[in-house]
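Asks: This is the structure, below, for whatever I ask next.
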Amino acid sequence: SATLYKTYDFVIVKVTEGRTYINPKWRAQLNAAIKNGQLVGVYHYCRPENNTPLTEARFFVNTAKDYIGKVIFCADWEQKALKYPASWLMEFLREVERLTSSKPFLYIQQSAISGGKYNALARAGYPLWMAQYNSRMSKAIGAWPRVTMWQYTTTGGKLDKDIFFGTREDWLGYISGKKE
């Protein structure tokens, strides 16, 4: 509801998952946040075990196409997806970037970043939205020179809490593709 989001500076809403699921509440949730004057983003839960990266990226962007230029697009890469190659994720991110003209954020847990598997994504400039609940996050992690956003608590999908390390202008710069 619009009231729920009023105390937050930004809201990121799940739009799609895989190549068929659409969150039935996403548009109402996003519009409530926009009505409140909040910064907004949308995310896609990646399901590489079932689909190609291009299929998922196009499904995500096509579903949220009315909001291109108004929201940050994000890829949620966790659970089963972590077993798949980073090349799948890179192809997904590149297609979302091509379709929206802005770099999507990568949501991933801190423990998955070690080992260098995702270094190419960091070098390509995809902003890191990191999940880490047990400790303070570090400013740099893996090949990323900094964490752009930090999810520090979760409530099982109801309302997670995050910190964006930037200004309103920075957020808008990510949307417009002028900030990396």
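The values are calculated or read from the model by the stated rules, or taken from the named source; none is laboratory data. Only a predicted model underlies this, so the values are computations on that prediction, with no experimental measurement involved. Note that we place each Cβ from the backbone using ideal geometry, even for glycine, and neighbour counts take in every protein chain shown. All accessible areas refer to the heavy atoms of the entire protein, side chains included, with ligands and DNA or RNA removed. Shrake-Rupley method; radii C 1.70, N 1.55, O 1.52, S 1.80 Å.
Asks: Within the stretch 1-36, restricting attention to residues that are in a loop (DSSP other than H, G, I, E, B) and open to solvent by less than 80 Å² (accessible area, probe 1.4 Å), which residue is modelled with the lowest pLDDT?
Replies: Tyr8
Asks: Considering only residues that are assigned to a helix (DSSP H, G or I) and in contact with a helix residue (DSSP H, G or I) (Cβ under 8 Å, 6 or more places away or on another chain), look in the stretch 110-134 and name the one that is farthest from Lys70 (Cα to Cα).
Replies: Ala112
Here is a yes/no grid of residues against (1) part of a strand (DSSP E or B); (2) within 22 Å of Ser176 (Cβ to Cβ):
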| site | (1), (2) |
| --- | --- |
| Lys70 | no, yes |
| Phe73 | yes, yes |
| Phe92 | no, yes |
| Val96 | no, yes |
| Ile108 | yes, no |
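Asks: So Gly115 ticks every box in (1) small (Gly, Ala, Ser); (2) out of contact with any Pro (no Cβ under 7 Å at 6 or more places or on another chain); (3) surrounded by 15 or more Cβ atoms within 10 Å (Cβ to Cβ) but one. Which box is left unticked?
Replies: (3) is the only condition that Gly115 fails.
Asks: Identify the single condition in (1) surrounded by fewer than 14 Cβ atoms within 10 Å (Cβ to Cβ); (2) modelled with pLDDT of 95 or more that Glu97 does not satisfy, given that it satisfies every other one.
Replies: (1)
Asks: Within the stretch 61-77, identify whether any single residue is more than 21 Å from Arg123 (Cβ to Cβ), open to solvent by 60 Å² or more (accessible area, probe 1.4 Å) and of a type in the set (S, T, N, Q), and answer yes or no.
Replies: Yes, that holds for at least one residue.
Asks: Now for a separate question. Could you check, for the stretch 104-111, whether at least one of its residues is on the phi > 0 side of the Ramachandran plot and open to solvent by 40 Å² or more (accessible area, probe 1.4 Å)?
Replies: Within the stretch 104-111 (the criterion being on the phi > 0 side of the Ramachandran plot and open to solvent by 40 Å² or more (accessible area, probe 1.4 Å)), the answer is no, since none of the residues qualifies.
Asks: Next up: Among the listed residues Arg146, Arg58, Arg123, identify the single one that is among the basic types (Lys, Arg), closer than 23 Å to Arg47 by Cβ, more than 14 Å from the chain's Cα centre (by Cα) and open to solvent by 10 Å² or more (accessible area, probe 1.4 Å).
Replies: Every option except Arg58 fails the conditions.
Asks: Still on this structure, please answer the following. Taking Glu97 as the residue in question, decide whether it is within 22 Å of Thr52 (Cα to Cα) and either free of Cβ contacts under 8 Å to residues at least 24 places away in the same chain or out of contact with any helix residue (DSSP H, G or I) (no Cβ under 8 Å at 6 or more places or on another chain) (or both).
Replies: yes
Asks: Hey, Asn62 hits all of (1) part of a helix (DSSP H, G or I); (2) closer than 22 Å to Gly173 by Cβ but one; which does it fall short on?
Replies: (2)
Residues are listed down the side, and each one gets a yes or a no for (1) free of Cβ contacts under 8 Å to residues at least 60 places away in the same chain; (2) closer than 27 Å to Tyr118 by Cβ:
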site: Phe10; (1), (2): no, yes
site: Ala28; (1), (2): yes, no
site: Lys35; (1), (2): yes, no
site: Tyr43; (1), (2): no, yes
site: Phe73; (1), (2): yes, yes
site: Pro85; (1), (2): yes, yes
